[in-house]
Each structure stands twice: as structure tokens, then as C-alpha cells.
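Working notes, structure below.
The numbers here are math on the coordinates, done by the rules we state, and not lab data. Fair warning: this is a prediction, and the values are worked out from it, not measured in the lab. Every residue, glycine among them, receives a Cβ derived from its backbone with ideal geometry; neighbour counts consider all protein chains shown.
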Amino acid sequence: MRLWPRQRSRGSSVKAKEARELTDAELRARLDDAHKELFNLRLQKAMHQLQNYARMRVVRRDIARIETILRERELQPQN
């Protein structure tokens, strides 16, 4: 039996490498958009209209990724 590796980057809208190149204001704007999208996905799920349940996971991970980058920048010593 052969096991295939998972495609981990499938469906991710925000890559960490790309996100680190953005300014704080751009990251906060994307974070706000991601929170709105997650809210809409949850609403669709509650009304049994959601087609792609995996999108919720992708958006949650994007939110975590952006928040992590913002927090790293806060903790970075000012030079």
C-alpha cells in the first residue's frame, strides 16, 4: 500500500512568506477581511447552504497565520 503525501498548501490564500512582506496596515486589512469571511461561512453553515466546509479551515488558518506575524512584529526589539 502506497501512501501519498498530503498537499499542505492547497487552498491557502495567505502564504507566510508573502504575508511577511506586507505592512502592518495591509495585514490588518486582510485580517479584517478574513474575519468577515469566516463569519459569513459560519452563517452559511448554520443555514445549511455551505458547499465547501474545508474553506472554513483554510480561513481559520489564515487568521492564525496573520495574527502570528503581527504578534512577532510586536515582540521584535526596536532597533
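Converting the Cα gyration tensor eigenvalues of the stretch 16-73 into ellipsoid dimensions via √(5λ) gives semi-axes, longest first, of 25, 10, 8 Å.
Applying 1/(1 + (r/R0)^6) with r as the Cβ-Cβ distance of GLN78 and THR23 and R0 = 22 angstrom yields a FRET efficiency of 0.85. Using the Cβ of ARG60 as centre and a radius below 13 Å, the other residues enclosed give a net charge of +3, where K and R count +1 and D and E count -1.
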